[in-house]
Amino acid sequence: MTSLDLDFLKPDPERRGRILPILDAALAAVEPATVVNRAVDWQEDALAVAGKRYALDGFERVVALAFGKAATPMAQAVRDGLGHRLDHGLVITKYGHGPGDPASLAPLAVVEAAHPTPDAQGVAAVRRAVETIVRLGPNDLLITLISGGGSALLTLPASGLTLDDLQRTTDLLLACGAAIHEINAVRKHLSQVKGGQLAHLAHPAALLSLILSDVVGNPLDAIASGPTAPDPTTWADAWTVIQKYSLENVLPAAVRDHLLAGLAGRLPDTPKPGDPIFQRVHNVIVGDNAIAAEAARRAAEAQGFHAAILSTFVQGEAREVAQVLVALGREIVARNRPLSPPACLILGGETTVTLRGAGQGGRNQELALAAGVALARVPEAAPIVILSLGTDGTDGPTDAAGGVADAATVARGWALGLDALAHLEHNDSHSYLKAVHDLLITGPTRTNVNDLMIIFVFS
């Protein structure tokens with residue numbers, strides 16, 4: 001791990017000490033430079049990736065644009081792989097995620113900006129990148145490096161809209177409980193670069209996108225809002241979302257007018273599947289949750305566990321998923337299935353949290369605390385440990401990556417005068433898990449491939 005708060009070990013040094021190498025292996029497997037170099041064959045006069053070869057002598061310019069939480073290490077891999085063949089480019093990443101020495105990425109410039117809420121510095125950086133991209137011609141190659149957080153960090157409002165318009169609209173969609181695919185349908189149509197529009201701006205240059213996926217199932221149109229992929233959503237889809245949540249009269253006026261103009265056919269739609277602009281676009285997933293899960297499985301076996309991956313498509317309410325994980329752990333204890341102890345079941349995906357209180361936490365911490373509450377209620381819980389980890393090192397607006405729970409999580413809280421269930425009901429998982437030494441704190445990992453949820457059943 002990048003760093004680890006050793007308080008995590010205090011409740012059970014022996015068991016948790018066996019867990020650490022498994023988490024380390026999972027994160028190391030999706031280290032951004034590693035996945036880029038695994039995917040790309042860097043040759044002296046060419047690069048080859050996913051069955052396609054780019055002869056570098058055939059391009060007048062090679063330009064790179066990296067954006068997302070993993071932008072820095074991904075850019076480093078490309079810079080090192082291309083050497084003098086790389087003309088210039090730009091790296092846009094989250095504050096605190098840039099290189100210690102920005103000059104180390106030359107000829108790439110580095111801009112740090114806000115995430116998850118975009119700021120003016122990020123918008124200015126994207127505008128600067130677009131000014132370069134629109135000047136590319138058919139004999140140029142643009143390499144984009146896309147990772148989690150890219151949607152916020154690649155923000156450029158459509159003509160007539162402001163950053164504040166976008167922020168207010170996103171806040172409204174989040175507050176009403178819109179699903180992420182619904183939010184994406186709207187914000188793609190409020191942007192100059194999302195939903196395939198970055199590819200449109202780069203046309204007719206060749207475009208290679210190397211993508212570290214943070215979306216369950218790796219849909220190209222959803223990762224970072226699909227800037228280099230065809231967009232299947234339409235103006236009608238975007239307006240349907242607005243109507244579904246009765247936002248017509250509370251949207252910023254400029255946003256409402258913009259969407260209605262698109263709906264009436266007065267504005268062009270985002271590029272769709274089959275559009276000729278994508279003929280020279282090659283989108284390649286270089287890393288995802290499945291890679292991290294497989295690395296965790298191998299490391300668990302090296303630690304002496306019987307290990308298996310159950311799914312990398314887990315979604316749903318965090319506290320409900322926690323109940324399923326506890327049930328799976330109980331099945332192992334009671335019936336030795338699907339594995340016999342010592343067992344390690346690995347799941348991946350991304351859960352959600354419905355806010356009911358004003359506490360602090362995130363989906364992984366909420367899952368861990370809910371699992372702790374559930375484990376306290378069953379007699380066979382003693383051998384079971386459940387953890388949930390955000391691979392980017394950030395879970396909600398906290399310093400934690402996630403949390404861990406065992407049969408004593410609730411009891412440790414009672415000893416301190418803390419009520420685990422009350423903290424759960426107020427969505428205050430962070431303070432509770434911190435007090436009982438059940439937080440997972442890694443620091444920024446500079447990668448992002450969703451979450452890992454792991455069930456351990458010790459002998």
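Here is a list: G96, G160, G148, G137. Which entry is surrounded by fewer than 24 Cβ atoms within 10 Å (Cβ to Cβ), under 17 Å from the mean Cα position of the chain (by Cα) and in contact (Cβ under 8 Å) with a residue 40 or more places away in the chain?
Details: G160 fails: under 17 Å from the mean Cα position of the chain (by Cα); G148 fails: surrounded by fewer than 24 Cβ atoms within 10 Å (Cβ to Cβ); G137 fails: under 17 Å from the mean Cα position of the chain (by Cα).
After ruling out the rest, the residue left standing is G96.
Which of the strands (runs of 3 or more DSSP E) contained wholly in the stretch 341-416 include at least 2 residues that are more than 13 Å from A322 (Cβ to Cβ)?
Values: elements: 343-352, 384-390, 402-406.
In the stretch 341-416, the matching strands (runs of 3 or more DSSP E) lie at 343-352, 384-390.
Any residue at all in the stretch 297-311 that's under 23 Å from D221 (Cβ atoms) and either modelled with pLDDT of 95 or more or polar (S, T, N, Q) (or both)? Before you say what the answer is, go through the steps one by one.
Quick first cut of the stretch 297-311, residues under 23 Å from D221 (Cβ atoms) only: 311.
Subset that is either modelled with pLDDT of 95 or more or polar (S, T, N, Q) (or both): 311.
Within the stretch 297-311 (the criterion being under 23 Å from D221 (Cβ atoms) and either modelled with pLDDT of 95 or more or polar (S, T, N, Q) (or both)), the answer is yes, since at least one residue qualifies.
Consider the stretch 435-447. How many of its residues are surrounded by fewer than 24 Cβ atoms within 10 Å (Cβ to Cβ), touching a residue at least 40 places away in the same chain (Cβ under 8 Å) and over 17 Å from D24 (Cβ atoms)?
Residues meeting the conditions: 1.
Residue by residue through the stretch 18-62, note down the ones that are of a type in the set (K, R) and either touching a Lys or Arg at 6+ places or on another chain (Cβ under 7 Å) or within 17 Å of A77 (Cα to Cα) (or both).
Keep residues of the stretch 18-62 that are of a type in the set (K, R), which gives 18, 38, 52-53, 61.
R38 - this is the single residue of the stretch 18-62 that is of a type in the set (K, R) and either touching a Lys or Arg at 6+ places or on another chain (Cβ under 7 Å) or within 17 Å of A77 (Cα to Cα) (or both).
Return yes or no: is G329 at positive phi and not β-branched (V, I, T)? So that I can check it myself, show each step before the final result.
On the way: at positive phi: no; not β-branched (V, I, T): yes.
Against the criterion (at positive phi and not β-branched (V, I, T)), G329 does not qualify.
D221 is checked against (1) of a type outside the set (A, V, I, L, M); (2) in a loop (DSSP other than H, G, I, E, B); (3) over 27 Å from I92 (Cα atoms) and fails just one. What number does that condition carry?
(3)
Scan the stretch 436-448 and give yes if some residue there is of a type in the set (G, A, S) and modelled with pLDDT of 95 or more, otherwise no.
Filtering the stretch 436-448 for residues of a type in the set (G, A, S) gives 443.
Adding the requirement that they be modelled with pLDDT of 95 or more leaves none.
Looking through the stretch 436-448, none of the residues is of a type in the set (G, A, S) and modelled with pLDDT of 95 or more.
Can you tell me which residue is nearest to the chain's Cα centre (by Cα) among those in the stretch 262-279 that are surrounded by 10 or more Cβ atoms within 10 Å (Cβ to Cβ) and among the aliphatic types (A, V, I, L, M)?
I277
How do the pairs read when you match residues in the stretch 11-28 that are under 26 Å from A411 (Cα atoms) with residues anywhere that are among the small types (G, A, S), using Cβ under 7 Å and keeping only pairs 6 or more apart or on different chains?
P11/A408
The values are calculated or read from the model by the stated rules, or taken from the named source; none is laboratory data. As the structure is a prediction and not an experimental result, all values here were calculated from the model. Note that we place each Cβ from the backbone using ideal geometry, even for glycine, and neighbour counts take in every protein chain shown.
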